[in-house]
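Everything on this sheet refers to the single structure shown next.
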Amino acid sequence: MGLILNRIRVFSLCFRERFRQGMPEVVGPIDREVLFILDGVGGFQWLPLLIRRVWRQSDAPIGTIVYVWQCGLTGEMLTDLMWLRRNRYQSAQIARKLLAFKRAHPRTTVHLLGYSGGAGLAVFACEQLRGRRVIETLVLVAPALSPNYNLAGALSATQRCYGLVSRRDRWMVGLGTRLFGTIDRRFERSAGCVGFRIPPKLNEQDLQSYRRYREIGWSETLQQVGHHGGHTGWMAPAFLHTHLLPILRGEPRLPAYDLQSP
């Protein structure tokens, strides 16, 4: 019951935020710290709307920039999920935008957050920036990537990276990606459900990159902030208010674990 009520509340807040505030590309101050947000497939922009709502109400000193990478009409989830060639192209555009922003604002701390399918685009974009430390913190929320996907290239463009995963997320990044595939076109439960694994036979440099990655798993304590383990639980306003900024600044209030080498 709590899960259903949480989803109803999340969707209601999203609609109200969209109606009252719209969806401009840039919101808030971007001269000191900024978060680029890539929402999931379908183009609903639920997570960006809720992040902006929570931060506006708490006067968080950080701006947000939303990149709309999805194609077609809102709700075309399978097209966004399956069109790998277009997603690779979009990720290159995102990388160019991030690089251009950093050059124009060299003193601004840049974070990047991708949700579900958008986490895949975030990883693809960071791969385009390989070796250039443009991103301070990369956050992969319920990533719809295959668990064995090699993150080393993306991690080389970041100071740190956190993956937010939940084994209770059985439908969207569990059964859903087994039936329709992950964003990198593997038909299995994705990392958003089971977590990432370090691929075998990586060279030493790539293994060093994985030291920047830490995983935060769902636990029952998160029910206190409205997250009951499902796909939309990471959008719970109380969760975002309590945990998102500490994660971005490398000081999570939740247990974060290193991956073990194979």
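The values are calculated or read from the model by the stated rules, or taken from the named source; none is laboratory data. Because the structure is predicted, anything quoted here is derived from the model rather than measured. No Cβ is skipped: glycine too gets one built from the backbone with ideal geometry, and neighbour counts run over all protein chains shown.
For the residues Leu164, Leu138, Leu145, the requirement of being at pLDDT 95 or above, assigned to a loop (DSSP other than H, G, I, E, B) and either in contact with a Gly (Cβ under 6 Å, 6 or more places away or on another chain) or surrounded by 20 or more Cβ atoms within 10 Å (Cβ to Cβ) (or both) singles out Leu145.
Of all residues in region 209-250, those that are in contact with a helix residue (DSSP H, G or I) (Cβ under 9 Å, 6 or more places away or on another chain) and assigned to a loop (DSSP other than H, G, I, E, B) total 9. Remark: pairs (first residue in region 223-246, closer than 22 Å to Trp171 by Cβ; second residue of a type in the set (Val, Ile, Thr) and not in a helix (DSSP H, G or I); Cβ separation under 6 Å; 6+ apart in sequence or on different chains) = Trp234/Val141. Can you name the residue in region 148-161 that is crowded, with 24+ Cβ neighbours inside 10 Å and among the small types (Gly, Ala, Ser) and, of all such residues, is farthest from the chain's Cα centre (by Cα)? Here the residue is Ala157.
For the residues Ala157, Ala144, the requirement of being farther than 21 Å from Gly40 by Cα and of a type outside the set (Lys, Arg) singles out Ala157. Set side by side, the residues Thr221, Thr177 differ, and just one is over 16 Å from Val139 (Cβ atoms), crowded, with 22+ Cβ neighbours inside 10 Å and of a type outside the set (A, V, I, L, M, F, W, C), which is Thr177.
Taking the conditions exactly as written (closer than 23 Å to Ile4 by Cβ, surrounded by fewer than 20 Cβ atoms within 10 Å (Cβ to Cβ), out of contact with any His (no Cβ under 7 Å at 6 or more places or on another chain) and touching a residue at least 24 places away in the same chain (Cβ under 8 Å)), does Gly131 satisfy them or not? When the stated conditions are applied, Gly131 does not pass them.
Quick grid of which residues meet (1) of a type in the set (S, T, N, Q); (2) surrounded by 15 or more Cβ atoms within 10 Å (Cβ to Cβ); (3) without any contact (Cβ under 8 Å) to a residue 12 or more places away in the chain:
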{"site": "Ser58", "(1), (2), (3)": "yes, no, no"}
{"site": "Pro61", "(1), (2), (3)": "no, no, no"}
{"site": "Thr64", "(1), (2), (3)": "yes, yes, no"}
{"site": "Val110", "(1), (2), (3)": "no, yes, no"}
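Report yes if some residue within region 181-190 is on the phi < 0 side of the Ramachandran plot, more than 13 Å from the chain's Cα centre (by Cα), assigned to a strand (DSSP E or B) and of a type outside the set (Gly, Ala, Ser); otherwise report no. There is no residue in region 181-190 that is on the phi < 0 side of the Ramachandran plot, more than 13 Å from the chain's Cα centre (by Cα), assigned to a strand (DSSP E or B) and of a type outside the set (Gly, Ala, Ser).
For region 69-107, filtered to residues that are over 17 Å from Arg130 (Cβ atoms) and in contact with a Leu (Cβ under 9 Å, 6 or more places away or on another chain), the residue that is surrounded by the fewest Cβ atoms within 10 Å (Cβ to Cβ) is Gln90.
Please indicate, with yes or no, whether at least one residue in region 17-24 is surrounded by 13 or more Cβ atoms within 10 Å (Cβ to Cβ), touching a Leu at 6+ places or on another chain (Cβ under 8 Å), more than 27 Å from Thr242 (Cβ to Cβ) and not charged (D, E, K, R). No. Within region 4-49, the residues that satisfy the criterion of being within 19 Å of Leu248 (Cα to Cα), without any contact (Cβ under 8 Å) to a residue 60 or more places away in the chain and in a helix (DSSP H, G or I) are Pro48, Leu49. In this structure, Asp80 does not qualify as charged (D, E, K, R) and in a loop (DSSP other than H, G, I, E, B).
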